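Notes for the one structure printed next.
The values are calculated or read from the model by the stated rules, or taken from the named source; none is laboratory data. Owing to the predicted nature of the structure, the values given are computational and were not obtained by experimental measurement. When we count neighbours, we look across all protein chains shown, and the Cβ atoms used for this are built from the backbone with ideal geometry, even at glycine.
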Amino acid sequence: MLASVLLGLALAGCCDEEGRRRAGAQGTSTMPAEMGASVTDASVPGLTLTHASVEGITLQAHVNKLKCRAGRGAAAEVQVQWSSALPGLTFVQITAGSRTQVAKLWVEGGANGTETTGPWFEDGGELTLLDGTDRVIGVVRASATECTSDSPAAP
């Protein structure tokens, strides 16, 4: 009996919400709780982008180019634009990661900016905007969808 209780406690504490979300566990929230409403852009066949940000941050993401492989969106170039109305925010970092890859620093910049990924953003990819204290202030996530050809999306 004691072994069952200990096993249950160990399993219950094995993963935090972020780890469960990265692993794609069912029942995990799609965006951190402090984010505003999610915006979804499915205008380019092959890759749907979903983004959200905290109040005071304007965040946009668009697919510029997309490679289609085996009928699904693959490597994409994505333009990310952000603007801050948060008092005192002068610096942001953007990390790039996915459910299967640890996030790595991609961009450091000011409170307002525009950057474009290389052709490496793909299904499950996530760009996370952080303020200077590692607080998440915005998130962009990618989901592959069906496509029939490469897409040079309109700017």
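Only one of the numbered conditions (1) within 21 Å of Ala52 (Cβ to Cβ); (2) under 14 Å from the mean Cα position of the chain (by Cα) is violated by Gly113, and that is (2).
Of the residues making up the range 53-70, those that are of a type outside the set (Lys, Arg) and in contact with a strand residue (DSSP E or B) (Cβ under 6 Å, 6 or more places away or on another chain) are Ser53, Val54, Ile57, Thr58, Leu59, Gln60, Ala61, His62, Val63, Asn64, Leu66. So which residues in the range 113-155 are crowded, with 20+ Cβ neighbours inside 10 Å and touching a Cys at 6+ places or on another chain (Cβ under 9 Å)? Those that are crowded, with 20+ Cβ neighbours inside 10 Å and touching a Cys at 6+ places or on another chain (Cβ under 9 Å): Cys147, Ser151.
Out of Thr40, Thr58, one residue alone is of a type outside the set (D, E, K, R), assigned by TED's automatic domain parsing to the domain that holds Gly113, farther than 23 Å from Pro87 by Cβ and surrounded by fewer than 19 Cβ atoms within 10 Å (Cβ to Cβ). It is Thr40. Filtering the range 104-144 to residues that are farther than 27 Å from Ala70 by Cβ and in a loop (DSSP other than H, G, I, E, B) leaves Gly110, Ala111, Asn112, Asp131, Gly132, Thr133, Asp134, Arg135.
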